[in-house]
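Nothing in this text is a laboratory measurement; each read-out follows from the coordinates by a stated rule. Since this is a predicted model, take the numbers as computed values, not measurements. Heads up, the Cβs are rebuilt from the backbone with ideal geometry, glycines too, and the neighbour counts pull from every protein chain shown.
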Amino acid sequence: MYQKEEYFSSVKHIQQKLQDDYGIAMKTHKLMHLLHHHLGMRYKRVHSVSWTANQPKNLILRQQFANALLKLDWHSKTIINIDETWLGMSDFRRMKWTFTDRPDSVRKKQVQPRISMITGLDTEGSLFISLLQANSNSSVMEMFFTHLL
């Protein structure tokens, strides 16, 4: 049921854009016929893709770091793994109109203002979390490290 409502909502959005931008009024069944039969488009499920995190270079770097970390002497040492990310996205579509030979993926977009999250997990099981409504930079990371100490 949700997909059907989303489908007609997207068609209504296209109708509104045609009316606003070009002054063209088009009935729903005519627009759907045009999209399907004349333009060869389909309404497909959207697949979100990461912006850069899973590029081959980054996957290899993470694997090399994990291998180096496993070689360390863990006795009498506490190791804290810290990572930074941001929360939220602005595109919640589950399906979209696309040509049959085109990918159905959508790049994730940031929410403004951005919510950044810095987390730390140590080998003793302690978790350290910081949420902020700003872009994280070196001074923000230094402040996190200062409060962590």
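What does the extension gain come out to for L18 and R102, with contour length at 0.36 nm per residue minus their alpha carbon separation?
That pair, L18 and R102, stretches by 28.0 nm at full extension.
As an exercise, use a Förster radius of 35 Å and the Cβ-Cβ distance of L39 and W86 to find the FRET efficiency, rounded to the nearest 0.05.
Computed FRET efficiency for L39 and W86: 0.45.
Please list, in chain and number order, the residues 5+ apart from D104 or on another chain whose amide H is under 5 Å from its amide H, with Hs placed from the backbone.
HN-HN under 5 Å from D104: empty list.
Along segment 138-148, what does the Karplus equation 6.51 cos²θ - 1.76 cosθ + 1.60 (θ = phi - 60°) give for ³J(HN,Hα), rounded to whole Hz, x for Gly and Pro?
5, 5, 5, 5, 4, 5, 4, 4, 4, 6, 5
Would you please give the FRET efficiency between F128 and K57, computed as 1/(1 + (r/R0)^6) with r the Cβ-Cβ distance and R0 = 41 Å, to the nearest 0.05?
0.90
Please give me the summed charge of the neighbours of F128: other residues whose Cβ is under 13 Å from its Cβ, Lys and Arg +1, Asp and Glu -1.
Summing Lys/Arg as +1 and Asp/Glu as -1 gives -4.
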